[in-house]
Each structure stands twice: as C-alpha cells, then as structure tokens.
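Only one structure is covered here, and it is reproduced in the block below.
The values are calculated or read from the model by the stated rules, or taken from the named source; none is laboratory data. This structure is a prediction, so every number in the text was calculated from the model and none was measured. Every residue, glycine among them, receives a Cβ derived from its backbone with ideal geometry; neighbour counts consider all protein chains shown.
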Amino acid sequence: MIFMEINQDINLNKDLFGKLDSIPTREGMGKAIVDIATNDENVFCVTADVAESVRVHYFAQKFPYRFIQCGVAEQNMAGVAAGLAYAGKTVFMAAYGVFNPGRNYDQIRVAICYANANVKVVASHTGLTVGPDGATHQALEDIGLMRGLPRMTVVYPSDSIQAYKATYAIYKKKGPCYLRLSREKMPVFTTVDTPFEIGKSNIMCFGEDVTIISTGPLVYEAIQAAQILENYGIRAEVIDCSTLSYDDFDKNTIIKSAKKTGKVVTVEEHQIVNGLGSAVAEVLSENYPTKVLRIGMNMQFGESGEGIELLKHYGLWRDKIADKIKKFVMGD
C-alpha cells in the first residue's frame, strides 16, 4: 500500500505507480516548435544533419523555407543561428548534446551569450540514455558548460509533456536558452494540467525525513525511490528542479525543504560535478548548510548498452537510488 503524500496541486498522472506511456522528451519539443512557428513567422530552426534524430524534421516538413540544414558543422551552425537572431528571428538550434554545446561552446559563449542573441540551444541525446552510441555520445557535462554562462537559461524537462511546455517557455523568454532532452522513451507522469514555469520547482510529494531533488526524466525514478523508502519508514520529499541556471534557480523551495528535513539528496543523469548537485550545494552552503548526498555519474565516462540498462548499471535506477538514500538517512 502506498502512503506517500502526493502533491495534489500539481496534477500528476493518476496512474503514477502503474503502467504509463513512455515517450522521448525530444518528441515534446519537436511538436511544440511546429505549433509555435505556426503562429510566429519569425521562428526559424537550424540543425546539423540530425533533423529526424532530434525531432525537428516535423518543422522542416511544414516550414522548409524557415529550416536550415547546416550539415555536420556545429560551430558554423551556431554562427548561422546567431546571425538569424541578429536579424530579429527566434532561432531553435538543435543537435546532439555532445556536439551542441560540446563542439560549439566557443560560438555559443561569444556569438550567442555575449551578444545576448535570441537563440534556443536544443540538445537531444544527453545523459546515459543515449545508450548504444556509447561514451563518446553521452553528454554528461553539458549542464555544467551551460549553467556557467552568463545570460543562459538552462531547462531540463522531466517528460514529453513538460518538454512541450518548456519549449514554449524558452520561446517566450528573450535571450539565450538551453533545453536538455533525451533520446530514450521515458514515462509520461505529468499531465497537461501540471504547472510549469521557468525558475519554479515543483514538489512532487511531501515528506519530513529527507529531501530528494532531481531533474529531467530521473524525477520519475526519484518518486519511485521515495515509494520504496516508505517500506523503511523514511518519508521523502521529492522536488522536480527543472530550471538549473544560476539566475533562475529556485533557491527558496530548496532551502525551505532542507530546513524541514535536514538532509538533502540530488539525483541526476549527469556528472555530480557542475550539475544539479553542485547547484544545490552552492545554495545550501551559502544559505542553510545541510548535509548533501549527490547521486549521479561519479566523474566517469559511460559505456555502450541499452539506456535503461545503463541507468541500472550506474546506480541511477529506483532501487539503487533508494538503497543509497536509506544508508544516507539511517547510517547503515
């Protein structure tokens, strides 16, 4: 029996602990930019020979004259996107995370952020769940790159519905934005009525023994881990922290929860350095020093395998997460 106190105000899927549809977050973005461009002729999209893979082929099919295929040249792609933005366009620049921002970081930094260009950097195929493509294609350091840039808004949606909303949100926010997306089909556990706002975290469920803060699709695994922890008498508060940039980080929700529970755990599909764990530790060290356990990639590269298989292998699955948190809280 589940005793978790789910936050009813955020309207999660009623079958939260049952069988859910699984859809890649990239799909939500792909559908959203078509809807956005239908109502705004100044919206353009550029990519680097991966249109279908990152789901901007929908845009290309409907708006071929506003779509630019830059080929395997991500640095040039960033320059093209910046130039369009200088001309008054809103530009979605989409490619794999290891190349965008991994290969074109300098161009993003200078031509986009320094110039405050209205370019939306869309990175698909991030994290371990790129799977069989292996370590060279698993972007595990990209959040650190982007949240260290002035003027860059960093958003990491937790499922395809939230990705759709996040795409609209970064479109409405003027200036550089980074949208982190996944290749793997992941559970759709939010609904159209679940609130989403840049700079605002959602409390998924309430607890008083430990705070679990997660971002992206692993938010769902954090919720599942909280359910497992109930068996040990541990009531976990789970927070979905979808905005990771410095200026927009929801410090108040994190500090308030830390004051209530006294222990904080971060869960992310990223290196534990320079990502969510670092952002939370920075906030708490300056405002309310609290013991923090960071769960993620421990400064190591991944390997080839199926996406879910890799999450389990590296301890980023519900039972492994719960076990680490149990030891953290109970000390055994």
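Listing for the model above:
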{"item": "Any hit, region 269-276, residues being touching a helix residue (DSSP H, G or I) at 6+ places or on another chain (Cβ under 6 Å) and on the phi > 0 side of the Ramachandran plot", "result": "yes"}
{"item": "Residue in region 171-182 that is nearest to the chain's Cα centre (by Cα), counting only those that are part of a loop (DSSP other than H, G, I, E, B) and crowded, with 24+ Cβ neighbours inside 10 Å", "result": "Leu181"}
{"item": "Test result for Glu269, in contact (Cβ under 8 Å) with a residue 24 or more places away in the chain and assigned to a strand (DSSP E or B)", "result": "yes"}
{"item": "Verdict on Tyr168 being touching a strand residue (DSSP E or B) at 6+ places or on another chain (Cβ under 9 Å) and either surrounded by fewer than 22 Cβ atoms within 10 Å (Cβ to Cβ) or in a strand (DSSP E or B) (or both)", "result": "no"}
{"item": "Counted residues, region 297-330 - those being under 15 Å from Leu128 (Cβ atoms), surrounded by 17 or more Cβ atoms within 10 Å (Cβ to Cβ) and of a type in the set (Phe, Trp, Tyr)", "result": "2"}
{"item": "Output for region 45-74, where each listed residue is in contact (Cβ under 8 Å) with a residue 24 or more places away in the chain, over 23 Å from the mean Cα position of the chain (by Cα) and not in a helix (DSSP H, G or I)", "result": "Phe63, Ile68, Cys70, Val72, Ala73"}
{"item": "Residue in region 187-204 that is of a type in the set (Asp, Glu), in contact with a helix residue (DSSP H, G or I) (Cβ under 6 Å, 6 or more places away or on another chain), modelled with pLDDT of 95 or more and not assigned by TED's automatic domain parsing to the domain that holds Leu149 present", "result": "no"}
{"item": "Region 205-230 - residue that is among the aliphatic types (A, V, I, L, M) and more than 15 Å from the chain's Cα centre (by Cα) and, of those, surrounded by the fewest Cβ atoms within 10 Å (Cβ to Cβ)", "result": "Ile228"}
{"item": "Test: residue in region 32-43 that is in a loop (DSSP other than H, G, I, E, B), outside the structural domain of Ala225 (by TED's automatic domain parsing) and touching a residue at least 40 places away in the same chain (Cβ under 8 Å)", "result": "yes"}
{"item": "Residue selected from region 231-248 under the condition closer than 24 Å to Asp209 by Cβ and not in a loop (DSSP other than H, G, I, E, B), by the criterion farthest from the chain's Cα centre (by Cα)", "result": "Ala236"}
{"item": "Residues of region 119-133 satisfying the condition of being modelled with pLDDT of 95 or more and either surrounded by fewer than 19 Cβ atoms within 10 Å (Cβ to Cβ) or part of a loop (DSSP other than H, G, I, E, B) (or both)", "result": "His125, Gly127"}
{"item": "Counted residues, region 86-101 - those being assigned to a loop (DSSP other than H, G, I, E, B), touching a residue at least 12 places away in the same chain (Cβ under 8 Å), surrounded by fewer than 23 Cβ atoms within 10 Å (Cβ to Cβ) and not charged (D, E, K, R)", "result": "3"}
{"item": "Residue within region 1-18 that is buried (at least 20 other Cβ atoms within 10 Å of the Cβ), among the β-branched types (Val, Ile, Thr) and within 23 Å of the chain's Cα centre (by Cα) present", "result": "no"}
{"item": "Residue that is of a type in the set (Gly, Ala, Ser), closer than 18 Å to Phe17 by Cα, surrounded by 23 or more Cβ atoms within 10 Å (Cβ to Cβ) and in the same structural domain as Ile295 (by TED's automatic domain parsing), where the choices are Ala236, Ala279", "result": "Ala236"}
{"item": "Tyr58 being aromatic (Phe, Trp, Tyr), surrounded by 16 or more Cβ atoms within 10 Å (Cβ to Cβ) and modelled with pLDDT of 95 or more", "result": "yes"}
